[in-house]
Amino acid sequence: MFASLSPEKTDLGTMDAESLWHPLVQHKSFSQKPPKCMTRGVGCYVTDTNGIEYFDGISGLWCVNVGYGRQELAEVAYEQMVDLAYFPLTMSHEPGIRLAHKLLELLGYEGKVFFSTSGSEANETAFKIARQYHAQTAPAGSGPRYKIISRYRGYHGHTMGALSATAQAERKLKYEPLVPGFLHVSPPYYYRFGDGQPEDVYNAACLRELEQTILYEGAESVAAVIVEPIISGGGVIVPPEGYLRGVREICDRTGILLIYDEVVNGFGRTGKMFGHQHWGVEPDIISFAKGLTSGYMPLSATVVKQFIFEAFLDDPGSDSHFRHVTTYGGTPVCTAVSLRSIEILERENLCERAAEMGDYLLGKLQRLLEHPNVGDVRGKGLLLGVELVKDKASKTPLDSDAVASVTKYCMDKQMIIGRNTNTIPGFTNVLILAPPLVMSREDADRLADTLCDAVFALSSS
Ligand code: PLP
């Protein structure tokens, strides 16, 4: 029975249970204890309705790169709302123009920027651009290049196309059949699947698998390959030297477009402005979201190189334009806030700081490897993963409940850390750290110490 929903009702826990459907959780887990309800945030910390402060080791959902409570972002949003809250990019507005310009300046190449509101939409947009690009450039008489290849453990979003590119079985079960034409290959997950081979040999095998898949499918049917430079939610999988270059070369040889999903990697997270800059290998299309506004506004972007855009050019009245629009993509407020958020990243050298603090934290976390249940500690910048196993020899993933006990221990110490959530046993065993880039050395010490205590509280299982 629905209790009275009067404006003066203050029992938020009851109201929550009555009305709110939370993502990714089994609601019965809230029957004893409602979810924590946050009221404010400053820097790396958020405070709940009971006044308890938590260190947010996962930046919300990997997005609050500049940290919470940035008054100047609120002021920019306020001023832009007063001036012009909304106008679509079927025409134009100044913050949209300036942000598109800024993104291309940061990337260092000529191109065009298409705005949407979420990471999923940025990827959907990338897939549609890739298909239409090929449709308009293919030699007469050739069939459509429509297939999209992604890697297992990659997450690319929740909408049906982006979910089809997502290669985490547990996210797709019960929603199938999905969109046809999406294929998956192995990522360079050396720790789990390297089998003691030298890393370059394993790397070459992963690349060969990609090339053979393209060969078997027929390159002329494949539109694009999409990769996160560093797989994030799928368990923090950092590619070895030479991997991205190899993917690029395969795409070049086969006429396939290369898309980078930098929804998590982008905007300083990995210690450089963009994740792929660690390897100096450029994509044809790139997707941004999350850190693009540091989570202060819903905004995403799909950036294409100029040669792709030119395939959409023709005389007015022709039908080669991009037939795609989103009502809220690139509003004046979202783009103005994004510009200021990027300005903060640059002004406060937060990419360099993420690199420095990431190295520091990764160094401190090496101590974890002394524990029999810690198989691997890895990452780049402030995107770090700790892989928990039953034992180091077999590398069998640690049971989900044991992994959950680590995150719970941290939460009890007011420290929010992430893990790759799943319903399929076997891939729930990577703890994930992605704190705001403003994290101090003291915060890093506390985060590392708490996590070490939590892991060492595990009896070896
Ligand atoms: N791509 C990656 C790598 C992500 O991690 C996510 C979300 O976590 C998405 C795409 C989808 O972004 P959104 O949730 O904004 O649709």
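The values are calculated or read from the model by the stated rules, or taken from the named source; none is laboratory data. Bear in mind the structure is a predicted one, so any value in this text is a computation, not a measurement. Cβ sites come from the backbone with ideal geometry, for glycine too, and all protein chains shown count toward neighbours. Heads up: the accessible areas ignore ligands, DNA and RNA and are worked out on the full protein's heavy atoms, side chains in. Shrake-Rupley method; radii C 1.70, N 1.55, O 1.52, S 1.80 Å.
Any idea how many residues of the range 356-396 are among the small types (Gly, Ala, Ser) and in contact with a Lys or Arg (Cβ under 7 Å, 6 or more places away or on another chain)?
Going through the range 356-396 one residue at a time, the tally reaches 4.
Picking from Thr213, Thr254, which residue would you name as being open to solvent by 10 Å² or more (accessible area, probe 1.4 Å), touching a Leu at 6+ places or on another chain (Cβ under 8 Å) and more than 18 Å from Gly379 (Cβ to Cβ)?
So the residue among Thr213, Thr254 that is open to solvent by 10 Å² or more (accessible area, probe 1.4 Å), touching a Leu at 6+ places or on another chain (Cβ under 8 Å) and more than 18 Å from Gly379 (Cβ to Cβ) is Thr213.
Output the residues belonging to the range 283-296 that are within 12 Å of the ligand (Cβ to nearest atom) and open to solvent by 10 Å² or more (accessible area, probe 1.4 Å).
Lys290, Gly295, listed by residue number.
Each row is one residue, and each column tells you yes or no for (1) among the basic types (Lys, Arg); (2) open to solvent by 10 Å² or more (accessible area, probe 1.4 Å); (3) touching a residue at least 40 places away in the same chain (Cβ under 8 Å); (4) not assigned by the TED database to the domain that holds Arg171.
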| position | (1), (2), (3), (4) |
| --- | --- |
| Gly379 | no, yes, yes, yes |
| Lys390 | yes, yes, yes, yes |
| Ala393 | no, yes, no, yes |
| Pro397 | no, yes, no, yes |
| Asp401 | no, yes, no, yes |
| Val406 | no, no, yes, yes |
| Gln414 | no, yes, yes, yes |
| Ala434 | no, no, yes, yes |
| Met439 | no, no, yes, yes |
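List every residue pair whose Cβ atoms sit under 6 Å apart, with the two residues 6 or more apart in sequence or on different chains, where the first one lies in the range 123-146 and is modelled with pLDDT of 95 or more and the second, anywhere, is buried (at least 18 other Cβ atoms within 10 Å of the Cβ) and among the basic types (Lys, Arg).
Final answer for the pair search is His134/Arg145; Tyr146/Arg131.
I'm told Ala336 meets every condition in (1) out of contact with any Phe, Trp or Tyr (no Cβ under 6 Å at 6 or more places or on another chain); (2) surrounded by fewer than 22 Cβ atoms within 10 Å (Cβ to Cβ); (3) at pLDDT 95 or above; (4) outside the structural domain of Leu398 (by the TED database) except one. Can you identify the failing condition by its number?
Going through (1) out of contact with any Phe, Trp or Tyr (no Cβ under 6 Å at 6 or more places or on another chain); (2) surrounded by fewer than 22 Cβ atoms within 10 Å (Cβ to Cβ); (3) at pLDDT 95 or above; (4) outside the structural domain of Leu398 (by the TED database) one by one, Ala336 breaks only (2).
Yes/no per residue for (1) among the polar types (S, T, N, Q); (2) more than 30 Å from Ser221 (Cα to Cα); (3) surrounded by 23 or more Cβ atoms within 10 Å (Cβ to Cβ):
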site	(1), (2), (3)
Glu105	no, yes, no
Gly111	no, no, no
Phe114	no, no, yes
Gly119	no, no, yes
Ala122	no, no, yes
Ala126	no, no, yes
Gly141	no, no, no
Ile148	no, no, yes
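Starting from the range 229-250, keep only residues that are in the same structural domain as Asn203 (by the TED database) and among the aliphatic types (A, V, I, L, M), then list their pairs with residues that are near the ligand (Cβ under 10 Å from one of its atoms) and open to solvent by 10 Å² or more (accessible area, probe 1.4 Å) whose Cβ atoms are within a distance under 7 Å, requiring at least 6 positions of separation or different chains.
none
If I ask for residues that are more than 16 Å from the ligand (Cβ to nearest atom) and open to solvent by 10 Å² or more (accessible area, probe 1.4 Å), which ones from the range 219-245 would you list?
Ala219, Glu220, Ser221, Pro240, Glu241, Gly242, Arg245 - these are the residues of the range 219-245 that are more than 16 Å from the ligand (Cβ to nearest atom) and open to solvent by 10 Å² or more (accessible area, probe 1.4 Å).
Is it fair to say Asp200 is under 30 Å from Leu388 (Cβ atoms), of a type outside the set (A, V, I, L, M) and touching a residue at least 24 places away in the same chain (Cβ under 8 Å)?
The answer is yes for Asp200.
Could you identify the single residue in Gly161, Gly154 that is within 16 Å of the ligand (Cβ to nearest atom) and in contact with a Phe, Trp or Tyr (Cβ under 9 Å, 6 or more places away or on another chain)?
Checking each option against the conditions leaves just Gly161.
Consider Glu176 carefully, then state whether it is more than 16 Å from the ligand (Cβ to nearest atom) and under 14 Å from Ile148 (Cα atoms).
When the stated conditions are applied, Glu176 does not pass them.
Report the residue count in the range 162-196 for those that are assigned to a loop (DSSP other than H, G, I, E, B) and open to solvent by less than 60 Å² (accessible area, probe 1.4 Å).
Total meeting the criteria: 11.
Given the conditions (1) more than 21 Å from the chain's Cα centre (by Cα); (2) more than 16 Å from the ligand (Cβ to nearest atom), report the number of the one that Thr331 does not fulfil.
Answer for Thr331: the failing condition is (2).
What number of residues in the range 287-319 are part of a loop (DSSP other than H, G, I, E, B), within 18 Å of Tyr133 (Cβ to Cβ) and in contact (Cβ under 8 Å) with a residue 24 or more places away in the chain?
Number of matching residues: 2.
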